[in-house]
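Every number here is computed from the coordinates shown, using simple stated rules; none is lab data. Since the structure is predicted, the reported quantities are computational estimates derived from the model, not experimental observations. In this analysis, Cβ positions are derived from the backbone assuming ideal geometry, glycine residues included, and neighbour counts consider all displayed protein chains.
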Amino acid sequence: MQTHTSDFNPDSELRKVGIKIDFLDDYEGMELGTGDVISLELTEGLDITGESFPSRSLKITAIDSLGLSFASQEKDYVGARFEVLIGINDEYVSVGKYYIDNIDTPDLGLTVSIEASDRVATYMEKYMTGLYTSSAVSMATLMNAPSGALAGLDLYCDDATLEATVYPNMLTTVDSQRDCLLKLAQAAGVASVWVDRAGTVHFENLAGRSGYSAEIASGSILEYSGLKLGSHTDYVEVTGENEGSSFGASWGTYTRGCLAEFLDNDFVDSSFALVVAWRYYEAKNQRFELTLKARCNPVLEPGDRVLVLKPDGSEIGEFTLASQKIYFDSDGLSAKLTLYAASPTDS
């Protein structure tokens, strides 16, 4: 959750909404404001099952007051970095830094359409690297002395993930930084891995968490899309190979026709494989999905635990915010939230 002052009130009945697009680095001082931005769509999220490493993306349509659509050889704005801030009643909250992927103008420079993404897609997907240890080590050890795919990153692990042991053994092979970090997160107990708005890489066991840091009150919910119950995973199996030796571990009960899931990962420490299987089983059984359309609270971000209330003020339950789409246009500021729990009364 983003930091904010005690006076910040996104649920106020009357609220003044603002948008700032502040360019950084060589383009510092350039800015698009609320009066320039026609529409904005921001997508951010994580995978609570630990099976993928999502990136953050952004689409903006704006009056081209900066001349972005007429890039010259001296000023090519593709690749430029900028920060997006959302304000409510004149208090602004950062919703992340982005790199321009594409600029288009449908009307010869009157307006500009910008597509952008975060460092996961822009750099981590393209940076080829590896991760090697000569024996199994704890995640705490890797965090204290990051090397290879971890080098140069701001890192955060929750306690459950810090205690995990892993065995990354990429001595002669390389992969993208994105894939290396995903394999490491899975080996560390099927942790979710994502980059937050400040650029910190998180490894967290979200399926095992309880408690909440914020409430989504009924007054801020514009539309309840219902509570969806997914299929129960009956059996999971984790396999891999390290130093020429194969290993495997399973959790659950395998029967004919059951729903089974399989995870193959050579970064897993064979002595920790049973814990990985148990946590994979737990993550796959975050079966309850709640989708809401709400008046956007910009301090909420993926990974937050929230309490959701019904229209009558009673509790639906506690959920993990897995993803959200933030929209800004002539209708104002809103967000579509996707939340997960093992049961709708998780606590």
May I ask you to list the aspartates and glutamates whose Cα is less than 19 Å away from that of residue 284, ignoring any residue fewer than eight positions away on the same chain? 47, 51, 204, 234, 237, 261, 264, 304, 318, 346
Per the Kirkwood formula over distinct C-alpha pairs, the hydrodynamic radius of the stretch 37-110 in angstrom is 14.5 Å
Expressed as an acute angle from 0 to 90° and rounded to the nearest 10, what is the orientation of the C-alpha long axis of helix 177-187 relative to the principal long axis of the chain? 50 degrees
Counted charge near residue 223, where neighbours are those whose Cβ lies closer than 10 Å (Asp, Glu -1; Lys, Arg +1): +2
Under a no-solvent Debye model with one identical scatterer per Cα of the stretch 152-210, what's log10 I(q)/I(0) at q = 0.22, 0.24, 0.26 Å⁻¹? -0.91, -1.04, -1.16
If Lys and Arg each add +1 and Asp and Glu each add -1, what is the summed charge of the other residues whose beta carbon sits under 15 Å from the beta carbon of residue 157? -4
For the stretch 58-215, just say rounded, prolate or oblate: build the C-alpha gyration tensor, square-root its eigenvalues into a ≥ b ≥ c, call rounded for a/c under 1.5, and beyond that prolate if a/b exceeds b/c, oblate if not. oblate
Tell me whether the stretch 182-251 comes out rounded, prolate or oblate; compute the Cα gyration tensor, take square roots of the eigenvalues as a ≥ b ≥ c, and use a/c under 1.5 as the rounded threshold. oblate
Spin-label point model (7 Å from Cα, Cβ direction): what's the residue 132 to residue 210 distance in nm? 4.4 nm
What length, rounded to one decimal in nm, is gained on full extension from residue 89 through to residue 163, with 0.36 nm per residue of separation minus their alpha-carbon distance? 22.4 nm
Any chance you could list the semi-axes, whole Å, largest first, of the equivalent ellipsoid that the Cα gyration tensor gives for the stretch 219-273, using √(5λ)? 35, 17, 8
With a ≥ b ≥ c the root eigenvalues of the C-alpha gyration tensor of the chain, is it rounded (a/c under 1.5), prolate (a/b larger than b/c) or oblate? oblate
Only bridges with both residues in the chain count here: give the DSSP antiparallel percent, nearest 5. 90 percent
Per the rule of 0.36 nm per residue minus the C-alpha distance, extending residue 111 to residue 254 adds in nm 45.7 nm
Select from 53, 302, 246 the residue farthest towards the positive end of the dipole of the chain; place +1 on Cβ of Lys and Arg, -1 on Cβ of Asp and Glu, and compute about the Cα centre. 246
Need one number: convex hull volume per residue for the stretch 97-167, Cα atoms only, in Å³. 111 Å³
Separation between the residue 16 and residue 264 pseudo-spin-labels, each 7 Å from Cα along Cα→Cβ, expressed in nm? 5.9 nm
The Rg/Rh figure for the stretch 260-347, Cα atoms and Kirkwood Rh, to two decimals is 1.11
When the Kirkwood radius is taken over all Cα pairs of the stretch 126-172, what Stokes-Einstein diffusion coefficient follows at 25 °C and 0.890 mPa s, in µm²/s? 218 µm²/s
Just the Cα atoms of the stretch 183-298: what Rg and Dmax do they give in Å? 17.7, 58
